Structure formats: C-alpha cells, structure tokens
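The values are calculated or read from the model by the stated rules, or taken from the named source; none is laboratory data. Quick caveat: nothing in here was measured; it's all calculated off a predicted structure. A quick note on method: Cβ atoms are made from the backbone with ideal geometry, for glycine too, and the neighbour counts reach across all protein chains shown.
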Amino acid sequence: MKLNSKYLEGLRIRPDDGARERESLPRCEWPGCNEPAEHPAPKGRDREGEYFLFCREHVRRYNKSYNYFSGMADEELRAWLERNTVGHRPTWKMNPHARAAAGAWRQAAGLGGGWRDPHGLFGGARREAARPQRRLPPAVAEALETLGLPEDADAALIKARYKKLVKELHPDVNGGDRAREVRLREVIAAYHKLRKARLV
C-alpha cells in the first residue's frame, strides 16, 4: 500500500477523546500510584456506600485480598449470619395473646357457630379433615407390603424402613446367607417401584 495515495490524503485523524477523559479522572488511591482511577472498590464493613478509587491493576489486587468479615469475632459472625437469613430486616414473633383476643372478639360478635375456622387461628379447636383414602395400584401396594408398611406410609417412613432393611439384610452383615440375599433383592426392587410411583 502506498503511503502517498490519493485516498489517504483526505483522511484526518481525530484527537483521542478518551485520553482527555482519562486525564480528567481522579488519581488512583493506591499508595505511590498516579494512574487514572476508573474502578470503585468498597471500603469495608460498617462503611457501606463508601468506595476507594483505583486503577485497573490495583483494583484487582484489592479485590483479591478483600474480606468483608475480617476482624469480626466468631459470635459477631454467627449473629450476622442469623440476621442474614431474613435479609437483616426486623422480624416479630407471633403474639400468643392474639389468638385469645380473636376468640373473645368472635364470641362478642356472635359468630360462634356459623363461622368456619379450620386452622384454629381464632381460638377454635382445629378440626382434622378426613383424609381421603388413597387408592394404590396393586404393584405399589405389593411393594409396601414387601417392606412391611401400611398403605398410608409417607416418604420419610418408607425411606427409614428401606435403610433399616438394607442394613439388616446386607451380605457383609449376614456372611453370605442366600435367603437373606434374595430378600434384599426383593426389598430393593420394592423400593424402586415406590420411587417410580413417586411415593419417595
């Protein structure tokens, strides 16, 4: 390419606007550095919203060594983590007297018999709703029977029973007893059927 081409003669080079912007930036706060500071870095705990200004190299160094919890005692850290579970917002415990007051209000308003309170929130005794009897497929009912469980067994009970049976029937415990090995296979197969049926 020729440097004295007619096409290159008409081109002008713009001044670097970015250089002017960088010159107007504050200087890096790292000791001994005079580079423009483009990157904010947090000052630390109890100084939220305050930032150091560093150049790229020094903000990387600072971020590698930054520890929000430095200098915090174990008890303080535990308390901070507990407050963090609710986002450091204040929480209130349920007022134990509210239930009694609501019951008295209900009686005063004459809402005794016609008002339903199925969860017992307003002082009434909670009525247990009759649980519908679940209809299980024969394979699932047979699997529950293999584990020695009733048809209304929940997931926690099924898992506990399965673990107990596997420990009892494992060949390492029984010295290779064939009868127990066959029973172990039946228990494992039954558990897999229950998992397929999404009962576990």
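Overview of results
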read-out	value
Matching entry among TYR62, TYR68 (being among the aromatic types (Phe, Trp, Tyr) and surrounded by 15 or more Cβ atoms within 10 Å (Cβ to Cβ))	TYR62
Of all residues making up segment 182-198, the number that are in contact with a helix residue (DSSP H, G or I) (Cβ under 6 Å, 6 or more places away or on another chain) and not in a helix (DSSP H, G or I)	1
Per-region count, segment 137-153, residues surrounded by 12 or more Cβ atoms within 10 Å (Cβ to Cβ), in contact (Cβ under 8 Å) with a residue 24 or more places away in the chain and over 35 Å from the mean Cα position of the chain (by Cα)	3
Residue check, ALA156 loosely packed, with under 12 Cβ neighbours inside 10 Å and either of a type in the set (Gly, Ala, Ser) or at pLDDT 85 or above (or both)	yes
